[in-house]
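For reference, the structure is listed below as structure tokens.
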């Protein structure tokens, strides 16, 4: 269908496409000068803090946990309402994820529940900014300081968001971003980790590429087990082309979200996202469907109307991998209900107000 409206689509301009071609012609296509330039640009956005780029946001999260010293026997508190990578990286480093239910209004982790879940084995907090809406950073870091815990912010969905006027990544502990194809800016695949200070830079680089440290003309040493998580120059060049558009992309997403909230028929019984225009990056516009409407049917009928709908996300603890670790249905009722009924509607900068109205009208026909 030529007029099919997907739930997201990246906006990549012609100068960026030409820049990628230049990188391909240069002969240097893996990690090199473009990655260095991308990291410097990200650092500038993050108030000069050191930033290292990765081939995915997942890799950034795993290295963040390793840099924080998280390993076997440790517990990491996180949300069950996220992409499964958030919890998978905790298992990857040998630690145990401890889930806490979400606040039904924000759909982010319930910080009151976080305090109750802390045990002597807790070493870190791993909050997620669902759909680009930041977790309350003041309260989050208040808990972390009081209990001497590390924080790894899963800000994969909130690049460009802020907390009370401060850009995410410009403060705090470890902060992981994602630049996957569906994110607010993209490198096709990629991510970044904002570090607390320069003392983390060399350990981070070692973990990113097989633990290798080079010296002189031919010296090489490996003293830690690293991975293969470096970003390519091709991907970094896409990111460098995207960054100048970040403010415009964010403003456009906020305007489209505002139009959704004005045009949406509130008698349909859906739960709408919080109307936070000051902080959220509006990575996604998500509604929780009423019980009478099975999500699969809604997705099918919207697709027949030429509109794509995403699912972000099923509750992590209900996947077989996590049920095998002892989690079960009924433990986190808010996350389970939201995860079973949440639907991601189209939202990306190239959309028009007429596109939003088309989505609202189709949803009204189906939900009525």
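The values are calculated or read from the model by the stated rules, or taken from the named source; none is laboratory data. In this text the structure is predicted, and so the values were computed from the model without any measurement. When we count neighbours, we look across all protein chains shown, and the Cβ atoms used for this are built from the backbone with ideal geometry, even at glycine.
Quick look at the numbers
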{"item": "Test: residue in the stretch 265-276 that is more than 15 Å from residue 344 (Cα to Cα), modelled with pLDDT of 95 or more, loosely packed, with under 15 Cβ neighbours inside 10 Å and out of contact with any helix residue (DSSP H, G or I) (no Cβ under 8 Å at 6 or more places or on another chain)", "result": "yes"}
{"item": "Which numbered condition residue 353 misses (of (1) surrounded by 15 or more Cβ atoms within 10 Å (Cβ to Cβ); (2) in contact with a helix residue (DSSP H, G or I) (Cβ under 6 Å, 6 or more places away or on another chain); (3) within 27 Å of residue 159 (Cβ to Cβ))", "result": "(1)"}
{"item": "Candidates 110, 136 - the one that is outside the structural domain of residue 344 (by TED's automatic domain parsing), at negative phi, touching a helix residue (DSSP H, G or I) at 6+ places or on another chain (Cβ under 7 Å) and surrounded by fewer than 23 Cβ atoms within 10 Å (Cβ to Cβ)", "result": "136"}
{"item": "So residue 84, is it buried (at least 19 other Cβ atoms within 10 Å of the Cβ) and touching a residue at least 12 places away in the same chain (Cβ under 8 Å)", "result": "no"}
{"item": "The lone exception for residue 103 - which of (1) within 15 Å of residue 177 (Cβ to Cβ); (2) surrounded by fewer than 23 Cβ atoms within 10 Å (Cβ to Cβ); (3) in contact with a helix residue (DSSP H, G or I) (Cβ under 8 Å, 6 or more places away or on another chain) it fails", "result": "(1)"}
{"item": "Single residue of 269, 219 found to be over 23 Å from residue 151 (Cβ atoms), more than 25 Å from the chain's Cα centre (by Cα) and outside the structural domain of residue 358 (by TED's automatic domain parsing)", "result": "219"}
{"item": "Matching strands (runs of 3 or more DSSP E) fully within the stretch 155-256 where at least 1 residues are closer than 19 Å to residue 285 by Cβ", "result": "174-178"}
{"item": "Lone qualifier among 87, 72, 53, 47 - being at pLDDT 95 or above and assigned to a helix (DSSP H, G or I)", "result": "87"}
{"item": "Test: residue in the stretch 1-23 that is within 20 Å of residue 207 (Cα to Cα), buried (at least 18 other Cβ atoms within 10 Å of the Cβ), in the same structural domain as residue 95 (by TED's automatic domain parsing) and modelled with pLDDT of 95 or more", "result": "no"}
{"item": "Wholly within the stretch 313-367, helices (runs of 4 or more DSSP H) carrying at least 3 residues that are within 18 Å of residue 128 (Cβ to Cβ), in contact (Cβ under 8 Å) with a residue 40 or more places away in the chain and in the same structural domain as residue 284 (by TED's automatic domain parsing)", "result": "333-341"}
{"item": "Criterion: buried (at least 18 other Cβ atoms within 10 Å of the Cβ), more than 24 Å from residue 91 (Cα to Cα), in contact (Cβ under 8 Å) with a residue 60 or more places away in the chain and in contact with a helix residue (DSSP H, G or I) (Cβ under 7 Å, 6 or more places away or on another chain) - qualifying residue of 186, 167, 232", "result": "186"}
